[in-house]
1. Could you bin all the Cα-Cα distances of the chain into 10 Å bins starting at 0 and give me the percent of pairs in each, rounded to whole numbers?
2. Can you give me the three principal axis dimensions of the stretch 134-252 from its C-alpha atoms, in Å, biggest first?
3. Tabulate in residue order the Karplus-calculated ³J(HN,Hα) for the stretch 22-27, using 6.51 cos²θ - 1.76 cosθ + 1.60 with θ = phi - 60°, rounded to whole Hz; enter x for Gly and Pro.
4. If you put +1 on each Lys and Arg Cβ and -1 on each Asp and Glu Cβ, how big is the dipole of the chain around its Cα centre, in Debye rounded to 20?
5. Whole number please: convex hull volume per residue, Cα atoms of the stretch 18-140, in Å³.
6. With a 1.4 Å probe and all protein chains left in place, how much accessible area per residue does the stretch 36-136 have, in Å²?
7. For Ser21 and Glu161, compute 0.36 nm times the residue count separating them, minus their Cα-Cα distance, and round to one decimal in nm.
8. Quick one: in the stretch 128-184, what % of C-alpha pairs are over 13 Å apart?
Amino acid sequence: MTNTDVTEAAKALRALHVPGSPLVVPNAWDVSSARVIAEAGHPVVATTSVAVAAALGFEDGHDMPADVAFDAARRIAAAVDVPVTTDIERGYDLPPARIGERLAEIGVAGCNLEDSEPRAKVMVDLAEQVDFLAAVRAANPDLVINARIDEYLHGGKSFDEAVRRAQAYFEVGVDCVFPIRLPGDRVAAFVEAVGRRPVNVGHGPGTPTPNDLAPLGVARVSFGPGLHNVLMAKHLKKMVTAMLDGGSPYAG
């Protein structure tokens, strides 16, 4: 993509974040899965760091080298004609300004950025994370930043702290916040507490569906590594197991 193309893709992605009419983003892990998602008619392709790492032989949590992670996102962005937003954990140890620059260079329209340390799995100080996000934004003004809030994952599971972080991140220019593992019964209150600005909620087995989340004011619904996990652990495993006894993997 040219710089103009990336700018237009980012505008299109940003416009799709409408509270109450959520953007549903199936998460891809390679070019083939991204193409399936785009060809099915989804207006955006998102990536998942867990599944991208697994597909390339790495663990999640900054095990993947930065060059490998960014090249994977570059390949996906080059393979589809819709905006791509990539999950890059916390930038694979690059300085925040360089993260913004590299995302522009590889042609992606948006990204997820976490506020916990991927290896230590502890929360980053709020002031430090605010400066981090501000530096990414300054380096890439077009980028659609989805700021992940890990308070319910690696913090004290405080609703008020999650809201405080969300408000601080919006103040430095992020486009959407993602309070990962926010309980379903707190979603509506969270959306209201942040002024009905764009909120991303993850959907997994047994959690509210996109149709359930729309009336709560959610602007984006993502699936993380869920699709990859189901395909690998359920469907592919069933098929290859059938082959052990000489059966057809296409039966059933």
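1. 7, 32, 38, 17, 5, 1, 0
2. 60, 36, 27
3. Ordered by residue, 3J(HN,Hα) equals x, 6, 9, 10, x, 9 Hz.
4. Numbers: 23 positive and 32 negative charges, 119 e Å.
Rounded to the nearest 20 debye, it is 580 debye.
5. 109 Å³
6. That works out to 39 Å² for each residue.
7. Values: separation 140, 0.36 × 140 = 50.40 nm, distance 2.61 nm.
Full extension from Ser21 to Glu161 adds 47.8 nm.
8. The proportion of pairs with Cα distances above 13 Å equals 57 percent.
The values are calculated or read from the model by the stated rules, or taken from the named source; none is laboratory data. Just so we're clear, the structure is a prediction, and the values are computed from it rather than from any experiment. Every residue, glycine among them, receives a Cβ derived from its backbone with ideal geometry; neighbour counts consider all protein chains shown. Areas reflect the complete protein model, heavy atoms only, side chains present, ligands, DNA and RNA absent. Shrake-Rupley method; radii C 1.70, N 1.55, O 1.52, S 1.80 Å.
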